[in-house]
Amino acid sequence: MGTARRLGYGEGSVYRETVSRTSGGKVRRVVVYRGEIVIDGKRRRVTRSTRAAALTELDKLRAAANAGLPTGDGTRLGQFLDWYVEKVIAKKHPNTQSSYIWAFRQLEPLRGKRLRELTPNDVEVLLEQLADRKPPTKAQKRRGGRQKPLSRSSLSRIRSCLGAALMKAQARNLLDRNIARLVELPPEAGERIERKAFTPEEAQRLLTSVSGDRYEAMMLVAVMLGLRPGEVLGLPWKALDLNERTLDVKQSLQRLPGGELVIGPPKKDSFRTVRLPDRVVMALRTHRINQKKERLKAPVWDDHGLVFPSAIGSPMDFSNLRRTVQSLCKEARVREL
């Protein structure tokens, strides 16, 4: 860390300015106070709602410089988050990438804030707004309009992802503290309803209902072996040894942030070998024969070597899987997961 030049107390200036701000779709004129100070030949600027607040912020910058602490630069939050996604998150698992990118999109209203001017209150106000959103109507859902309010777990994920990014900013001397650690979640934020697993009776009723169905083998693998949706849809025939009665979980279907479906390795702790019960082995043998027949009848077949592909061999979309499971649950008269 470099040593900042010691500054005299009288350095720096504050001036008043009228700016336009948009709130609730309306533009209003507000007065703000801009503070400026030069540290190590670089001009630092702050913006506050009162002159006293601006002077206080300049005092903090001056004190940090005198103590040899980082005073940051003019980097905006949006600039830094873009860099973080490109340089840091790009090295992580696709699912982790998707989680961070989603979280950073929720921070869009704060992207224009300078890193060193970002406060816990800025983030808390935004989280309250995200938790307070009115649920969209069916028409708005179809048009991709208003988004639903976020649960407490989603808000916590946003705070956590922001905190990880700001920790990197702090390590690069762009900040002297990680404000995400001070952010409190809205007390009224609701929790997402936990989805419980099938009871043994429900599982048995569902599996009895799908006996002989096109999706029998898929449901047996999902319910009896406990594979995740991505692991079921990304399961290749080469991962199965029906003679030895084993299944290797070594790849998974994943959706990238842009919506593209890709097949890749699951997270490191998800690699495993599963023993297959006789009922699952028999269903998979029948399923393989039926799939070969479907392939011969299909006008085109986009072969990915998958056990449970779409009707033309390509990876099945998650939404299609969800609709299929909902339909099977309805027929079996069991609750949907």
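Can you find a residue in the stretch 52-69 that is charged (D, E, K, R), assigned to a loop (DSSP other than H, G, I, E, B), at pLDDT below 85 and over 30 Å from G264 (Cβ atoms)? Checking the stretch 52-69: not a single residue is charged (D, E, K, R), assigned to a loop (DSSP other than H, G, I, E, B), at pLDDT below 85 and over 30 Å from G264 (Cβ atoms).
When the test is whether a residue is open to solvent by 60 Å² or more (accessible area, probe 1.4 Å), part of a helix (DSSP H, G or I), modelled with pLDDT under 90 and under 24 Å from R205 (Cα atoms), R322 passes it.
If you check L220, L207 for being farther than 19 Å from S314 by Cα, more than 30 Å from the chain's Cα centre (by Cα) and open to solvent by less than 30 Å² (accessible area, probe 1.4 Å), only one passes: L207.
If only residues of the stretch 262-278 that are in contact with a helix residue (DSSP H, G or I) (Cβ under 8 Å, 6 or more places away or on another chain) and part of a strand (DSSP E or B) are counted, the one that is surrounded by the fewest Cβ atoms within 10 Å (Cβ to Cβ) is V262. Set side by side, the residues R205, R157 differ, and just one is of a type in the set (K, R), more than 27 Å from T96 (Cβ to Cβ), modelled with pLDDT of 85 or more and assigned to a helix (DSSP H, G or I), which is R205. Residue-level analysis places K250 outside the set of residues that are modelled with pLDDT under 95 and either loosely packed, with under 13 Cβ neighbours inside 10 Å or acidic (D, E) (or both). If we scan the stretch 226-239, do we find a residue that is modelled with pLDDT of 85 or more, of a type in the set (G, A, S), open to solvent by 30 Å² or more (accessible area, probe 1.4 Å) and assigned to a loop (DSSP other than H, G, I, E, B)? The answer is yes, given that some residue of the stretch 226-239 is modelled with pLDDT of 85 or more, of a type in the set (G, A, S), open to solvent by 30 Å² or more (accessible area, probe 1.4 Å) and assigned to a loop (DSSP other than H, G, I, E, B).
The values are calculated or read from the model by the stated rules, or taken from the named source; none is laboratory data. Note that this is a predicted model, so its numbers are computed, not measured. Positions of Cβ are backbone-derived with ideal geometry, glycine not excepted, and every protein chain shown enters the neighbour counts. What goes into the accessible areas is simple: the full protein's heavy atoms, side chains included, and nothing from ligands, DNA or RNA. Shrake-Rupley method; radii C 1.70, N 1.55, O 1.52, S 1.80 Å.
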